[in-house]
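Okay, so here's the structure we're looking at.
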Amino acid sequence: MRVQHRTLFKGMLINLLFFALSFTAFADSDRANTVRLATTTSTENSGLLDDLLPRFKAATGYDVHVIAVGTGKALRMGRDGDVDVVLVHAPAAEQKFVDQGYGEQRLPVMFNDFVLVGPHEDPAGLAGAMDVSDALRRIAAGPNTFVSRGDDSGTHKKELALWKQAGVTRGGEWYREAGQGMGKVLQIADEMNAYTLTDRGTWLAYRDRSRLMVTFQGDEGLFNPYAIIEVNATRYPGLNHKAARSLITWIRGSEGQEAIAAYRKSGEQLFTPSAGVVAKR
């Protein structure tokens, strides 16, 4: 009886070991064929990645695991070595990420712009604003409500810089921090009949579901560039750098750039390709 038990126990151990080795081999193979991409919510909310990534897989065979968060969190994931590559839109933060040795090189991919959206009645009178600073001062003068991302995203970083430029102190009942992604903030602003700052790509994707309208646009200070950065290969040699470089090459190559240019919502182009543009600090 003891011999039978030992034989059964050995058989179970062998099966478990075989399963563990098989699972490890499968996981390693799966990881080798996958790019982990941390990116801003706007690239996902706009539907752009749903259009681009199947094309990328067809061209290269790589799957992409997308983690759509604010730019600040995406860069933190890169700093921690949790992702292979980041696609974000906050130039100063991106350059700091590279200068501190966490990223290889900041490479332009595309751009669009930010817009201020708000109630159709436009109670703050943004249609008559001279520039974006004037528009923000009109909102703060009240009685109006502004919904902020409040999440350390690229849009939030841009918003904070614009308030500072306008000389406006944020706070009080009129200023609401949501701590949410762009799509959710647009929904909240719609429900509150409030103003908010959004990238044009996400706005065009959500416009048909919203009662809001673009109340201010076109200021050069609302320019919104996106860049892609491979996480530093020397600092994190265990990441999938081959796959990351494949994604970077594809999205900045002719096929990726043409797909970005061709992407539309309601007949309008959401992003303009910019791989031929030198990244500015």
Screening LEU116, LEU126, LEU162 for residues that are more than 27 Å from the chain's Cα centre (by Cα), touching a residue at least 12 places away in the same chain (Cβ under 8 Å) and buried (at least 18 other Cβ atoms within 10 Å of the Cβ) leaves only LEU126
Take ASP131 and tell me if it is at pLDDT 95 or above, assigned by TED's automatic domain parsing to the domain that holds GLN217, on the phi < 0 side of the Ramachandran plot and not β-branched (Val, Ile, Thr). yes
The residue from VAL214, VAL231 that alone is touching a helix residue (DSSP H, G or I) at 6+ places or on another chain (Cβ under 9 Å), more than 29 Å from ASN144 (Cβ to Cβ) and β-branched (Val, Ile, Thr) is VAL231
Checked against (1) surrounded by 21 or more Cβ atoms within 10 Å (Cβ to Cβ); (2) among the small types (Gly, Ala, Ser); (3) at pLDDT below 95, GLY267 satisfies every condition except (1)
Scanning region 219-235 for residues that are part of a strand (DSSP E or B) and surrounded by 19 or more Cβ atoms within 10 Å (Cβ to Cβ) gives ASN224, PRO225, TYR226, ALA227, ILE228, ILE229, GLU230, VAL231
Note on GLU255: of the conditions (1) farther than 30 Å from GLU121 by Cβ; (2) touching a Pro at 6+ places or on another chain (Cβ under 6 Å); (3) not β-branched (Val, Ile, Thr), unmet is (2)
Restricting attention to region 134-152, the residues that are buried (at least 20 other Cβ atoms within 10 Å of the Cβ) and in contact with a His (Cβ under 8 Å, 6 or more places away or on another chain) number exactly 2
For region 165-177, pairs from a residue that is in the same structural domain as ASP134 (by TED's automatic domain parsing) to a residue that is of a type in the set (S, T, N, Q), with Cβ under 7 Å and 6 or more apart or across chains, are GLN165/SER133; ALA166/SER133; TRP174/ASN144; TRP174/THR145; TYR175/SER148; ARG176/THR145; ARG176/SER148; GLU177/SER148
Within region 38-48, residues closer than 13 Å to VAL85 by Cβ and part of a helix (DSSP H, G or I) come out as THR43
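Taking the stated definitions as given, is ASP84 buried (at least 20 other Cβ atoms within 10 Å of the Cβ), in contact with a Lys or Arg (Cβ under 7 Å, 6 or more places away or on another chain) and not aromatic (Phe, Trp, Tyr)? Step through it out loud before you land on a result.
Working: buried (at least 20 other Cβ atoms within 10 Å of the Cβ): yes; in contact with a Lys or Arg (Cβ under 7 Å, 6 or more places away or on another chain): yes; not aromatic (Phe, Trp, Tyr): yes.
Judged against the criteria, ASP84 is a match.
For region 165-174, which residues satisfy the criterion of being surrounded by 15 or more Cβ atoms within 10 Å (Cβ to Cβ) and at pLDDT 95 or above?
Scanning region 165-174 gives ALA166, VAL168, TRP174.
The values are calculated or read from the model by the stated rules, or taken from the named source; none is laboratory data. This is a predicted model, so every value here is computed, not measured. All Cβ positions, even for glycine, are placed from backbone atoms using ideal geometry, and neighbour counts span all protein chains on display.
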